[in-house]
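Q: Encoded as structure tokens, here's the structure I'll be asking about.
We did not get these values from a lab; they are worked out from the coordinates using the rules stated. Small disclaimer: the values here were computed from a predicted structure and weren't measured. Because the Cβ atoms are built from the backbone with ideal geometry, glycine has one as well, and the counts that use them run over all protein chains shown.
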Amino acid sequence: MFKFEEYEDYESFVLQTKIIESMKKIILTLALAVSLVGFLQAQANGKSIGLRLGYPTEISFQSGLSNSNRIELGLGIRTYGYGVNSNYSQFSLSGVYQWVWDLSALSSGFNWYAGVGASLGYYSYSYVNYKYSGYPASLLGQIGIEYNFNIPLRLSLDYRPAFQLNGNGNGFIGDGIALGVRYKF
């Protein structure tokens, strides 16, 4: 998998190994959650899968629970580096219960939605000799508008603020604007 010789130091090797192991656990958890939702709602219409492009970028799965309610599950990934010897990585698993309202008075295919949920994640940050990582848990709110095309495509624009309960930077996080592009099936 990874060879120590490919890294500058042992700490970088250990950090990368921990990130990969955490990512495996998050992907397994998401796969189990999606399977469970699919099993419990096998007859429900309105499923979609796609990307929620924002902070963080997510692989998103939505499943209708009724004509006016659905659940959205997301696997978020965000990584970047800036300057010399610095990087930030974040992985998260989120779930949001949404209420959906028809906006066909605006135009056929429009809906707006609002919801509440939670997320769990892992992040690591390093800058020169400073290193920090944590497992934040957050409460989420969400409000947005979507358009369902006559083809199996749904576009959405939403705002998802969060209140982080633990980790570095506890408190309100208000930069959760995202564009969603999903395939409906």
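Q: Report, by residue number, each residue of the range 127-172 that is out of contact with any Phe, Trp or Tyr (no Cβ under 9 Å at 6 or more places or on another chain) and on the phi > 0 side of the Ramachandran plot.
A: Selection gives Val128, Gly169.
Q: Sticking with this structure for a sec: How many of the residues making up the range 75-106 are surrounded by fewer than 19 Cβ atoms within 10 Å (Cβ to Cβ) and hydrophobic (A, V, I, L, M, F, W, C)?
A: Residues that pass the stated criteria total 7.
Q: Given (1) closer than 18 Å to Asn69 by Cα; (2) in contact (Cβ under 8 Å) with a residue 40 or more places away in the chain, where does Ile143 come up short, assuming only one miss?
A: Checking Ile143 against (1) closer than 18 Å to Asn69 by Cα; (2) in contact (Cβ under 8 Å) with a residue 40 or more places away in the chain, the one that fails is (2).
Q: Mind telling me which of the residues Gly115, Gly109 ends up being at positive phi and of a type outside the set (Phe, Trp, Tyr)?
A: Gly109
Q: Only residues that are closer than 17 Å to Ala137 by Cβ and of a type outside the set (S, T, N, Q): list them for the range 98-119, please.
A: Listed by number, the residues that qualify are Val116, Gly117, Ala118.
Q: Okay, moving on. Collect the residues in the range 71-117 that are part of a strand (DSSP E or B) and of a type in the set (Ser, Thr, Tyr), keeping them in residue-number order.
A: Thr79, Tyr80, Ser86, Tyr88, Ser89, Ser92, Ser94, Tyr97, Tyr113, listed by residue number.
Q: Of the residues that make up the range 153-169, is at least one basic (Lys, Arg) and closer than 20 Å to Tyr55 by Cβ?
A: yes
Q: Considering only the range 126-144, how many residues are within 30 Å of Ser104 (Cα to Cα) and buried (at least 16 other Cβ atoms within 10 Å of the Cβ)?
A: Number of matching residues: 3.
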